[in-house]
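The values are calculated or read from the model by the stated rules, or taken from the named source; none is laboratory data. As the structure is a computational prediction, the values presented were derived from the model and not from experiment. In this analysis, Cβ positions are derived from the backbone assuming ideal geometry, glycine residues included, and neighbour counts consider all displayed protein chains.
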Amino acid sequence: MSSRPLVVAALLCAAVLPAIAAAGTLPVPTPNPAFMDTSCAPCRDFYQYANGAWLATAEFPASYNSIGAGRDMADRNQEALRSVLERTSAKAATEKDPTIRKLGQFYGLLMDSARADREGAAPLQAALSRIAAIRTPADLRKEFAHSSVVGIRGGLPFRLDPEPDPASSRNTIGQVAQGGLGLPDRDYYFRTDEKSKTLRADYVAFMGKVFQLLGDPAEVATKKAAAVMKLETALAESSLTAVQQRDPKALYHKMTVRELGSLAPGFDWVAYFGEAEVPALASANASLDVSMPGFARQFSSLLATTPMESWRNYLEWHYASSSLGWMGQQYFDVAFAFQAKLMGAKAPQPRWKRASRAVDNAMGEALGKAYVEENFPASSKGRMVELVNNLQAALRDRIASRPWMSAATKAQAGTKLAAVLKKIGYPDKWRDYSKLEIDPSLPALANLERATEFDRRWQLSFIGKPVDRMLWGMTPPTVNAYYNPTFNEIVFPAGILTPPQFDPRVDDAVNYGAIGMVIGHEMTHGFDDEGRQYDADGNLKDWWTPEDSKKFDALADKVVEQFNGYVAVDTLHHNGRLTLGENIADLGGLTIAFRAWQLSLKGKPAPVIGGFTGEQRFFLGFAQAWRSKIRPESMRMYALTDPHSMPYWRVNGPLSNMDEFRHAFGCKAGDAMVRAEQITIW
């Protein structure tokens, strides 16, 4: 299981759906003309042309920081999960299937707001007392080991995860990586603009309020918050930036546990791995990947120089902050107030939505099995298999026709494409939850901790074993998709295979423009600036000729330059280097999807439907599937941290490079949607 898959982030694919025709009606009337602004020429601003009427009238619900297609898909999926969970919760006491009973019990506990208000922070007291008793480096190490599997997911102040060995992808090794920050990204600690300064002050104030709720006087709470901020800032100083983390070779440093001890002395790593119950690493001769050696050195230095009191404050804060949503209303309100400043939502989402997400996170395959039985027919899976195979054939043709690529590299690329593992809808084998214990007599937080421990121990148990390539990194109801380079796989959960991304009833042009682009996007990730560094077996291995690598990099630099010029929000521009992989995948995915659609016609002309040619419906289906409105606060956070561009530029940016789009709408040189120097990689 890779801890750093390359994924398409559906949180940026958010819009309201068109009305769906009755089942059996062909064709469904798409694209939706009610969303379009036909006063805007398609060659001037296609995103506005396709979505402008919707953009002008759609309003944010107070609890949402974004709205649109992806949000609506997620909402519809959550309603389906709610139906399952409320049924199972109502009959949990008499349910004979133990897994279904656990789903119902867990959901019922999370929904019991009255109990959460009564208990408040009481469920945290055992952990807080344990943290307060830390006095020695050995005590601290044991708490880090405990937090690696219980309470604080990932193991603060660093992360411990399994990953396929990048040099030997069929074997699972341990990975130690940077972590431990409370703000979204390391740059939040150092940016000097006024909004960043204000957000840091808000974060410190947030911590202070939580410490006070936990019982500290205001003066003590303020001191604790300042100590945590100082420690997190020190950790951030040696953390790699988001751009630096996009270089897989810079993140691979395989060494023995003994060598890690020399790199980061003053911490008994063998003892730590033993206390975390990872036997494959509890030996000085065991090997692991220390992804960020500089961070490991900084961690070691901070252990020697940071007062033990600051470490206690730090652990208390992170343990509490991971629990605030389930500790009663006053705790939740404080947490939401800070999230509102960070993300922009004006009101919290209803409790059932938060509870269903928590159950999906904890028991996702059990819940997903119930979801797909009711919401993902076998016919949809069969249609997706056909689409994926057609996109794969189109990409094979595109690789063969690349003028900048040598025959030797084309042959290797073809081998890699043919080896891609395709996962659609849901796993072939469902996960076993028989050893997860849900106890209704215990608080919701205690059961959340049990679920976290169950999942973490399951994950860590893979270290030192052969890779299981049938594992999934997302649950079936998830509105998302991903490419994992170490598995060389593309994965499409059932949750994203719904309208408007995928609808078996619409004509092929629209489906190829919507879900076809997503399929092509994920396939192209295998050949973007990161994915291209992995071979057909998922090993981090250079299979390109030096000259071909130079030509690819020159084309990629042009994509960086293009997106550096786009404003994300206010005066904040996109970081073309951060978003490079996704931008390459968007451009390649759309180009490949169009080619696959053309091949599916088998030489026959596409019909005109609703006044639009097949080519026009393809591009409108694509653009309307990505229509979105995002609050400025969230746009700012995404621009600083997310490897995806804003939806507006994910549509207009690739289209401005495509002759196929220009011909479909009669655009001419000099039009805003036609770049003077069009970029084509795949």
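The criterion of being of a type outside the set (G, A, S), touching a helix residue (DSSP H, G or I) at 6+ places or on another chain (Cβ under 8 Å), surrounded by fewer than 20 Cβ atoms within 10 Å (Cβ to Cβ) and over 27 Å from D528 (Cβ atoms) holds for R354. Taking the numbered list (1) under 22 Å from V479 (Cβ atoms); (2) surrounded by fewer than 22 Cβ atoms within 10 Å (Cβ to Cβ); (3) in contact with a His (Cβ under 8 Å, 6 or more places away or on another chain) in turn, D586 passes all entries but (2). From the list L231, L199, L235, L240, the lone residue that is part of a loop (DSSP other than H, G, I, E, B), modelled with pLDDT of 95 or more and under 20 Å from G180 (Cβ atoms) is L240. Those residues that are outside any helix (DSSP H, G or I) and charged (D, E, K, R), I need them from the stretch 46-90; list them, please. Of everything in the stretch 46-90, just one residue is outside any helix (DSSP H, G or I) and charged (D, E, K, R), namely E59.
For the stretch 125-147, the criterion of being under 29 Å from the mean Cα position of the chain (by Cα) and closer than 23 Å to V359 by Cα is met by at least one residue.
Hey, can you tell me all the residues within the stretch 452-467 that are under 21 Å from the mean Cα position of the chain (by Cα) and either part of a strand (DSSP E or B) or in contact (Cβ under 8 Å) with a residue 40 or more places away in the chain (or both)? Steps first, answer last, please.
Here is the first cut: in the stretch 452-467, the ones under 21 Å from the mean Cα position of the chain (by Cα) are 452, 455-456, 458-460.
Matches in the stretch 452-467: T452, D455, R456, Q459, L460.
Of the residues screened, A127 is one that is within 25 Å of G180 (Cα to Cα), among the aliphatic types (A, V, I, L, M) and part of a helix (DSSP H, G or I). The residues listed here are A138, A145, A116; of these, the one that is in contact (Cβ under 8 Å) with a residue 60 or more places away in the chain, part of a helix (DSSP H, G or I) and farther than 26 Å from V210 by Cα is A138. Contact map, the stretch 552-567: first residue more than 19 Å from P632 (Cα to Cα), second residue among the basic types (K, R) and assigned to a helix (DSSP H, G or I), Cβ cut-off under 8 Å, separation 6 or more or different chains; pairs are F552/R532.
Scan the stretch 226-246 residue by residue and report those that are free of Cβ contacts under 8 Å to residues at least 40 places away in the same chain and over 12 Å from Y189 (Cβ atoms). Talk me through it step by step, then tell me what you get.
Let us first name the residues in the stretch 226-246 that are free of Cβ contacts under 8 Å to residues at least 40 places away in the same chain, namely 226, 229, 244.
The answer is A226, Q244.
Please indicate, with yes or no, whether at least one residue in the stretch 248-261 is part of a loop (DSSP other than H, G, I, E, B), out of contact with any Asp or Glu (no Cβ under 7 Å at 6 or more places or on another chain) and either surrounded by fewer than 20 Cβ atoms within 10 Å (Cβ to Cβ) or among the small types (G, A, S) (or both). Within the stretch 248-261, not a single residue is part of a loop (DSSP other than H, G, I, E, B), out of contact with any Asp or Glu (no Cβ under 7 Å at 6 or more places or on another chain) and either surrounded by fewer than 20 Cβ atoms within 10 Å (Cβ to Cβ) or among the small types (G, A, S) (or both).
Which one is surrounded by the fewest Cβ atoms within 10 Å (Cβ to Cβ) among residues in the stretch 630-671 that are closer than 21 Å to K195 by Cα and of a type in the set (K, R)? Top of the filtered list is R631.
Residue check: is S113 touching a strand residue (DSSP E or B) at 6+ places or on another chain (Cβ under 7 Å), among the small types (G, A, S) and either modelled with pLDDT of 95 or more or surrounded by fewer than 16 Cβ atoms within 10 Å (Cβ to Cβ) (or both)? It is false that S113 is touching a strand residue (DSSP E or B) at 6+ places or on another chain (Cβ under 7 Å), among the small types (G, A, S) and either modelled with pLDDT of 95 or more or surrounded by fewer than 16 Cβ atoms within 10 Å (Cβ to Cβ) (or both).
Which residues, taken from the stretch 256-272, are without any contact (Cβ under 8 Å) to a residue 40 or more places away in the chain, in contact with a helix residue (DSSP H, G or I) (Cβ under 7 Å, 6 or more places away or on another chain) and closer than 22 Å to K465 by Cβ? V257, W269, V270, listed by residue number.
Conditions tested, residue by residue: (1) basic (K, R); (2) touching a residue at least 40 places away in the same chain (Cβ under 8 Å); (3) in contact with a strand residue (DSSP E or B) (Cβ under 6 Å, 6 or more places away or on another chain); (4) surrounded by 15 or more Cβ atoms within 10 Å (Cβ to Cβ).
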{"position": "P31", "(1), (2), (3), (4)": "no, yes, no, yes"}
{"position": "C40", "(1), (2), (3), (4)": "no, no, no, yes"}
{"position": "R44", "(1), (2), (3), (4)": "yes, yes, no, no"}
{"position": "W54", "(1), (2), (3), (4)": "no, yes, no, yes"}
{"position": "R71", "(1), (2), (3), (4)": "yes, yes, no, yes"}
{"position": "L81", "(1), (2), (3), (4)": "no, yes, no, yes"}
{"position": "A90", "(1), (2), (3), (4)": "no, no, no, no"}
{"position": "K96", "(1), (2), (3), (4)": "yes, no, no, no"}
